[in-house]
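Only the coordinates and a few stated rules stand behind these numbers; no lab work does. Keep in mind the model is a prediction, meaning the values are calculated, not measured. Because the Cβ atoms are built from the backbone with ideal geometry, glycine has one as well, and the counts that use them run over all protein chains shown.
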Amino acid sequence: SQQGEEDPQALSIQEGENATMNCSYKTSINNLQWYRQNSGRGLVHLILIRSNEREKHSGRLRVTLDTSKKSSSLLITASRAADTASYFCATDAGGFKTIFGAGTRLFVKA
Amino acid sequence: DAGVIQSPRHEVTEMGQEVTLRCKPISGHNSLFWYRQTMMRGLELLIYFNNNVPIDDSGMPEDRFSAKMPNASFSTLKIQPSEPRDSAVYFCASSLGFGTVATEAFFGQGTRLTVV
C-alpha cells in the first residue's frame, strides 16, 4: 500500500496563481520529500523536509510538515506554465526506502 | 556526471520473451532503486540495493522478476517470461544514503516496456 496520498488528484489554475498540494502519510517518518515529473520523464527532486522541521523554502516552493497530523503541503507561488507537471510526495516510512504517493497533476494555463 | 543512465529507453517484446533492463547509477551513490510506474498502480518500489546488496525485494511482483547489482556501477532488472501486464515504465534511481535515512533520489529517464 502507498505510504503517501496526495490531494487533490488534479489541479488546474491560471498562470500567476498559487498552487497548493497536500500529502498525508500513515507511519512515522525521518523525512518527507517532494518530486516533480514532467510528462514522459523521470522524477526530479524538489525539496526534502526532515521530521524535526516544520517549514522549508526553496525559491517559489514552500513546504510545511505537521507530524502530529501526518501531513505535508507543497505551495508553489506565482505559478508558471512551465510548472505544469505531476507532483509526488515521498516518505521513508521510518526506514531507508522511499515510497511515493499517487501524485497530483497540476495544469497551469497561460 | 551524466546522471542515472537507463537502457533501453523503449522496449517492445512479445509475451514469453525475456526482457533485461539496465541501469548505471551516479558514481559514488551507494543506494539503487528500481520502480515501476503504471496509470493503475502509480509508482511502485520493486527492489532496492545498498552497497550492491539487495536490502528489500518485497515489491517484486513475482518470481518472474529478478534484479542484480554485480558492482557499484551497474544493475539489471530481468523479467522472464514477460507478460502483457508487465507493460509499464520502469525507473532506476540512485542516492547517497546515510545510515538508514532515505535521502534525495536521482532518477533515470525510464524504460518504457510494452509486452504484446
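When chain B is treated as a Gaussian network with alpha carbon springs shorter than 10 Å, the biggest mean-square fluctuation among B:THR38, B:THR20, B:THR76 belongs to B:THR38.
The overall shape of chain A is prolate: from the C-alpha gyration tensor, with semi-axes ordered a ≥ b ≥ c, the ratio a/c is 1.5 or greater and a/b exceeds b/c. Under the combined filter of DSSP loop state and at most 15 neighbouring Cβ atoms within 10 Å, region B:56-116 retains these trypsin sites (Lys or Arg not before Pro): B:ARG64. Remark: chain A carries a charge dipole of roughly 160 debye about the Cα centre, counting +1 on each Lys and Arg Cβ and -1 on each Asp and Glu Cβ.
Of the residues A:VAL44, B:VAL89, B:VAL4, the one with the fewest other Cβ atoms within 10 Å heads the list, and the complete ranking is A:VAL44, B:VAL89, B:VAL4. At an R0 of 22 angstrom, the distance between the Cβ atoms of B:ASP56 and B:SER7 translates into a FRET efficiency of 0.35.
Count Lys and Arg as plus one, Asp and Glu as minus one, and take only other residues whose Cβ is under 11 Å from that of A:SER73; the net charge is then -2. With the simple model of a label 7 Å out from the Cα in the direction of the Cβ, A:PHE107 to B:MET40 spans 2.5 nm. For the pair region B:27-94 / region A:29-69, the C-alpha centres are spaced 24 Å from each other. Excluding the site residues themselves, the longest part of chain A lacking any GluC sites (Glu not before Pro) in a DSSP loop with at most 15 other Cβ atoms within 10 Å is A:54-110.
Scanning residues 5 or more positions from B:ASP56 or on other chains, those with amide H under 5 Å from its amide H are B:TYR48, with H placed 1.01 Å from N in the peptide plane. Computed over neighbours whose Cβ is under 14 Å from that of A:ALA82, the net charge equals +3, Lys and Arg +1, Asp and Glu -1. Considering the options B:GLN37, B:ILE47, B:ILE5, tell which one lies farthest towards the positive end of the dipole of region B:1-57, charges being +1 on Lys and Arg and -1 on Asp and Glu at the Cβ, about the Cα centre. The residue sitting most towards the positive pole is B:ILE5.
Counting Lys and Arg as +1 and Asp and Glu as -1 over every other residue whose Cβ lies under 14 Å from the Cβ of A:GLU17, the net charge comes to +1. Computed from the C-beta positions of A:ALA10 and B:MET15 and an R0 of 35 Å, the FRET efficiency is 0.55 to the nearest 0.05. When the GluC sites (Glu not before Pro) in region B:19-116 are filtered for DSSP coil states and for at most 10 other beta-carbon atoms within 10 Å of their beta-carbon, the remaining sites are B:GLU62.
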